[in-house]
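Enquirer: Please see the structure below; I have some questions.
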Amino acid sequence: MTTGDAISLFLEDEAATLRLGEDLALALKAGDCLALSGDLGAGKSSLARAILRAIADDEELEVPSPTFTLVQSYDLRIPVSHFDLYRLGDPAELMELGFDEALQNGICLVEWPEMAESELPAERIALTLEHEGNGRRATIRATGAQNSRIRRVLSIRDFLDDAGHPEARRRFLTGDASLRAYEAIYPKAENQRVILMDWPPLAEGPPVLDGKPYPKVAHLAENAYPFVAIADVLRKDGFAAPEIYKVDYNKGILLIEDLGSDGVLDARGQPIVERYRESVACLAKLHALKFAQDIPVGKAHVHHIPDFDRTAMKMEVRLVLDWHLPWKRQGVPATEEERADYLAIWDRLIDELASAENNLLLRDFHSPNIIWRPQATGIQRIGLIDFQDAMIGPTAYDLASIVQDARVTIEPDLFQQLMADYLTLRHAQGGFDETGFMKAWAIMSAQRNCKLAGLWVRLLQRDGKPGYLKHMPRTLAYLNVALEHETLAPLRDWCARAGIGQSES
């Protein structure tokens, strides 16, 4: 139950307290201070222990009380410092314990916050535990994004209750460059985990073209309908896409099949040749089929798979102009002449795609989105995820995305092997125009890598995600490969004049 900014929860037993700890572990982020108040024996330490064990994903994690040491630190997925201020002599001593540094780098759990009220951040999460009957009453007060995050994880807990998993164990699984995050769900009565996709509604964002925000122009999925639609179609055609167990379209919460946890990279993060070759074989099979563009979802919705049209393609390659060049030039934007020349080149390249093979393209068919399923056979060995942005467009785009994997370097020998595998399989299907396909491949490779060269910078500067910048040298090297095709000579010359090339760091 929630009232105003306060969130009030009745915890009927110790298990309910531990589940709240699991939920809060999914809501907390670096920079959060969770102040735990309550009398002796109210459950503060139990709650803190549950949070720590959930973040560590270790139910046996030793969590000693910091009553005497005052602080205990944990190097986890997010660093956590557990403070107990009951014996604090003076509020000013909190800074001597390294509180500011701990908060800057991670999460601070603070028991007995009353002992240093003046030294704690104003924007903190205040949680009070009180005895109530045979259970406890938890009252949580937070504002802004912190409040929204807590309400979101509690809403997901309600969703799991409705799905028949009221006592399920929840663990963080992964996040991506979008707003989506994923949890591993372990239903109490079942041995096999399932996956929860947390996909909050996408904010409109500022208009970028014709009064439309970037996601609408680039045809990015704004809700769960496309994911469910494409998953259903892929499964019907024999591909390994997750079954959808339950979905709340309004809130953007999905409970889906767990296809496994193996990927296509080895322990060192390097490509496993067999798995990449099987992925390319799966793609060749996909491209040989035809897909309807309108797909019913449930009884009242039809998902229309959007076209990868000129507007979307040009919007994506504009990221080079809007983000990459200013970053490379230390804030100096592209000139009007550069912009006009670049966009005119892309208009001509898109014209060259008029005769290209068009079909369903998954859009991000690369290592983060491929699950290896060794127990299966044929195309079922390749688990497909993250296809909600699928479009109808040049099939060469998906081949470019796997043989030039944005997240890992595909060395020339493997690149040649994968290209040969794909082309051989397509020829075996009959009626395949290799020359036309390779021209489309070069254009789509350049389009994708121009987009990524700008996207990595946007993730850094706009979204505060610097980790993606490490992919920049690889992206530019891939772009240079595409630019070798004779059709891309004008773009190659433009990139040379703009100083965009493999030597960038």
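The values are calculated or read from the model by the stated rules, or taken from the named source; none is laboratory data. Since we're looking at a predicted model, the values are computed, not measured. Here the Cβ positions follow ideal geometry from the backbone for every residue, glycine too, while neighbour counts run over all protein chains shown. We work out accessible area using only protein heavy atoms, side chains counted, and drop any ligands, DNA or RNA first. Shrake-Rupley method; radii C 1.70, N 1.55, O 1.52, S 1.80 Å.
Enquirer: Just the Cα atoms of region 169-260: what Rg and Dmax do they give in Å?
Expert: 15.2, 52
Enquirer: Run lengths n ≥ 4 of DSSP H only: what is the helix-derived mean residue ellipticity at 222 nm for the chain, with -39500 (n - 2.57) per run over all residues, to the nearest 500? Can you show the working numbers first?
Expert: Details: 16 runs with 193 residues, N = 505.
Per the formula, -12000 deg cm²/dmol.
Enquirer: Please tell me which of these pairs span more than 31 angstrom C-alpha to C-alpha: LYS29/LYS285; LYS216/LYS328; LYS251/LYS465?
Expert: LYS29/LYS285
Enquirer: Right, something else. List the aspartates and glutamates whose alpha-carbon lies under 12 Å from that of LYS212, not counting same-chain residues fewer than 8 positions away?
Expert: Of all the aspartates and glutamates, those that pass the test against LYS212 - Cα under 12 Å, at least 8 places apart if same chain - are GLU204.
Enquirer: From the C-alpha coordinates alone, can you work out the Kirkwood hydrodynamic radius of region 412-505, in Å?
Expert: In region 412-505 this quantity evaluates to 14.8 Å.
Enquirer: Right, next: Take the eigenvalues of the Cα gyration tensor for region 285-422, scale each by 5, and report the square roots as semi-axes in whole Å, largest first.
Expert: So the three semi-axes of region 285-422 are 31, 22, 16 Å.
Enquirer: If you filter region 370-466 for trypsin sites (Lys or Arg not before Pro), then keep DSSP loop positions with at most 14 other Cβ within 10 Å, what is left?
Expert: In loop regions of region 370-466 (DSSP not H, G, I, E or B), the sparsely surrounded trypsin sites (Lys or Arg not before Pro) are ARG407, ARG462.
Enquirer: Treating cross-link reach as a plain straight distance, find the aspartates and glutamates whose alpha-carbon is under 15 Å from the alpha-carbon of LYS470, omitting any fewer than eight places away in the same chain.
Expert: ASP405, GLU504
Enquirer: Of the listed values [x] 23, 50, 21, 5, 1; [y] 21, 47, 28, 4, 0; [z] 25, 57, 18, 1, identify the label whose number matches P(r) over Cα pairs in 20 Å bins from 0, in percent calculated from this model.
Expert: For P(r) over Cα pairs in 20 Å bins from 0, in percent, the calculated option is [y].
Enquirer: Only four residue types carry charge here, +1 at the Cβ of Lys and Arg and -1 at the Cβ of Asp and Glu. Report the dipole size of the chain about the Cα centre in Debye, rounded to the nearest 20.
Expert: Dipole size: approximately 1020 debye.
Enquirer: Now a separate question. Using the Kirkwood radius built from alpha carbon pairs, what does the Stokes-Einstein equation give as D for region 21-163 at 25 °C and 0.890 mPa s, in µm² per second?
Expert: In µm²/s, the coefficient is 159.
Enquirer: Taking amide H positions as placed in the peptide plane 1.01 Å from N, state which residues far from VAL71 in sequence (5 or more) or on other chains have amide H under 5 Å from it.
Expert: Answer set, sorted by chain and number: ASP84.
Enquirer: Here's another thing I want to ask about it. Probe of 1.4 angstrom, ligands and nucleic acids ignored: what's the accessible area per residue over the chain, in square angstrom?
Expert: Details: 22490 Å² over 505 residues.
It amounts to 45 Å² per residue over the chain.
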